[in-house]
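Structure, as structure tokens:
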Amino acid sequence: MADKLSTMSRFDLEFHFFQEQSGLQGYIYFSEDLFAAETISCLAFVLESLLDQCLAEPETKIASTRLMTDKAYAQLNQMELLQVEYKTCSRESSIVDVFREQVAAWPAKVAVKDTSGEMTYAQVDAQSDRIAQTLAARVLTPETAIGVFATRRCETIVAFLGILKAGLAYMPFDTQAPARRIESILSSFSGQKLLLVGMDVEAPFLRLTDVEFVRIADMLNEATDNSLTRRALEGNSTLRPFATSLAYIIFTSGSTGQPKGVMVEHRGIVRMAQHDRMADFRSTKATAHMANLAFDGSSIRVAIFTPALLKHSLAASPRTIGTLDVLLVGGDRADPGDMFAAQSLVKSKVANAYGPTENSAISTLYILTEDERCVNGVPIGRAISSSGAYVMDAEQQLVPLGTIGELVVTGDGVARGYTDPKRNIDRFVTVTVGNTTMRAYRTGDYVRQRPTDGQLEFFGRIDGQVKIRGHRIELGEIENVLCSHRCVRDAAVVLAQKDHSTQGLFGYVTLNQEARMTDDQVEDKSQLQHVNA
């Protein structure tokens, strides 16, 4: 294949081949507005490599041809896209360990505040000790999941920390979630369940008989002298969480209609706090918690603005954004225009964060630059510290630079797995990169590494999963719920534009004409004809 690349193109991308005595020759014409020369060079290299393989091994099945060559591997290695940078100083620390370091360093500094008040690090530490003491008195099995049904308040943070200090795991619930979903989640756990309830919400009405509701405020009042509490907790080694202890369980959408519980360990959260390019959490800076507590970004007490929230904030209160030093945007595909608008307001930097719940919320990070063109949308960046991000084919083999494949993530952020082990199959896998074999999670997202700088670009989902307002949703889950109605024979759900700025889910159903309807059911049936969210 000829080495010459031409930018004189009538179309976006053209391939021209012709036969000569010396062999097959060709040219590639491309639009400079859409493609970098490095991208076309990578494309030509992969094509030439495939043609060489086909000529050398004509009996080989096309599906068995190899995209990766030694030269392509060396290119990835040279751009430092294969190495995982582990932060050894914090790999053995739990969330509790890291928090107590902050308490020792800044006891009188404000740790958290809400609309009704604020608490210092010392106060949060003392009150969370009281929660831990009350839980310890129940003699629960280590890593037992404790539900938290509360809004964004200081007491919620206290409850989370208290649960962790007791060697248990917290399980946050969206206070707006339907009771049926909460029942579905709780019923997947055996034995008696404990649900801590915030002061400003009513306990959900559940049909389950094995759930105990306890107010967070009541637990604080139950505890005894705090100096005795701290000594009792520190003297009980069975309560101390480790880096590999279970920290929390988040339930995400499931294709079968049943939510999937993701088990995340302490180490996965600590790695984010230690990442060099994450927001600088110095004592002089405050971070805003703008995410729902059942959204995994809330675990680090910092709001990752969803693109929808950013769009709303730019329109309604741009001055507020201007008070920020750092803005992280994540949870869905970012709008380039909104990102650049935010960059003009934010004092320091704007970053696009990407990551599934199964990799402890954040996997990669891209800090927006002024010269970014966002040809394929805002890049999602490179792996954060103690994490790896690789582009692989269907056989979990690396693909060359610039080739679209599935994003597979590795490192300390990879979750322990799902609460239902059967769901781990084909999602939590083992991959080999070079001479290193490691545990990994298949994200199901199409990405590529940009040939110019290796930054990851996002190209959508492999399956029927979508994201809306920052929440990951399996369309199949909603379809299954619709089909559970006695009047519905079949259902389909799609993501579509509701207006110029927001997206919504629209459901379409085929009604079961044979279903016998009572007068009370007629209204239900008419409502099913127009389902949207």
Between R439 and S188, what's the calculated FRET efficiency when r is the beta-carbon distance and R0 is 22 Å? Round to 0.05.
0.40
Hey, quick one: spin label on R333, modelled 7 Å out along Cα-Cβ, who in region 341-370 has an amide N within reach, i.e. under 18 Å?
352-356, 366
What list of whole percents do you get for P(r) of region 310-371, with Cα-Cα distances grouped in 5 Å bins up to the one holding the largest distance?
4, 19, 29, 24, 15, 8, 2
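By average Cβ neighbour count within 10 Å, what is the ranking of 167-175, 44-52 from highest down?
167-175, 44-52
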Taking a straight Cα-to-Cα line shorter than 19 Å from K311, and setting aside same-chain lysines fewer than 8 residues away, one finds K347, K349, K467, K498
From the residues T65, L43, F11, which one has its Cα farthest along the dipole of region 5-66 in the positive direction, the dipole being from +1 and -1 charges on Cβ of Lys/Arg and Asp/Glu about the Cα centre?
T65
Scalar couplings 3J(HN,Hα) for region 317-334 by Karplus 6.51 cos²θ - 1.76 cosθ + 1.60 (θ = phi - 60°), nearest whole Hz, x for Gly and Pro, are 8, x, 5, 5, 4, x, 7, 7, 8, 9, 10, 9, 10, x, x, 6, 5, 7
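Please arrange S116, S31 by counting, for each residue, the other beta carbons lying within 10 Å of its beta carbon, fewest first.
Working: S116 10, S31 13.
So the ranking, lowest neighbour count to highest, is S116, S31.
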Peptide ranges 15-26, 449-460, 102-113, 199-210 listed from the most packed, as the mean C-beta count within 10 angstrom indicates
449-460, 102-113, 199-210, 15-26
For region 19-29, Karplus couplings with θ = phi - 60° (6.51, -1.76, 1.60), whole Hz, Gly/Pro x
8, 10, 4, 7, x, 7, 10, x, 9, 10, 9
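Place the peptides 323-334, 131-142 in order of packing, highest mean first, counting for every residue the other Cβ atoms within 10 Å and averaging per peptide. Display every interim value, and only then the final one.
Working: 323-334: 20.9, 131-142: 18.0.
So the order, starting with the most tightly packed, is 323-334, 131-142.
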Amide H contacts under 5 Å for L368, placed H, 5+ residues apart:
V350, A351, N352
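Grab the beta carbon distance between A104 and D325, set R0 = 30 Å, and tell me the FRET efficiency rounded to 0.05.
Once rounded, the FRET efficiency stands at 0.75.
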Give me the lysines in straight-line cross-link reach of K71: C-alpha distance below 24 Å, same-chain residues under 8 apart excluded.
K4, K61
So what is the diffusion coefficient of region 87-163 in µm² per second by Stokes-Einstein at 10 °C and 1.306 mPa s, using a Kirkwood Rh over Cα pairs?
117
Vicinal HN-Hα couplings computed from phi for region 171-181 (Karplus, 6.51 cos²θ - 1.76 cosθ + 1.60; Hz; Gly/Pro x)
9, x, 10, 6, 5, 9, 5, x, 4, 5, 5
With labels modelled as points extended 7 Å from the Cα through the Cβ direction, what inter-label distance (nm, one decimal) is found for I462 paired with T369?
3.0
How about K422: which lysines have a C-alpha closer than 22 Å to its C-alpha, ignoring those fewer than 8 places off in the same chain?
K260
Work out, step by step, the length gained on full extension between D174 and Y86: first 0.36 nm times the residue separation, then minus their alpha carbon distance; give nm to one decimal.
28.3 nm
In which sequence would T410, T39 go, from the one with the fewest C-beta neighbours within 10 Å to the one with the most?
T39, T410
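Only the coordinates and a few stated rules stand behind these numbers; no lab work does. What you see is a predicted model, and the numbers here were worked out from it, not measured in a lab. FYI the Cβ positions are ideal-geometry reconstructions off the backbone, even for glycines, and counts take in every protein chain you see.
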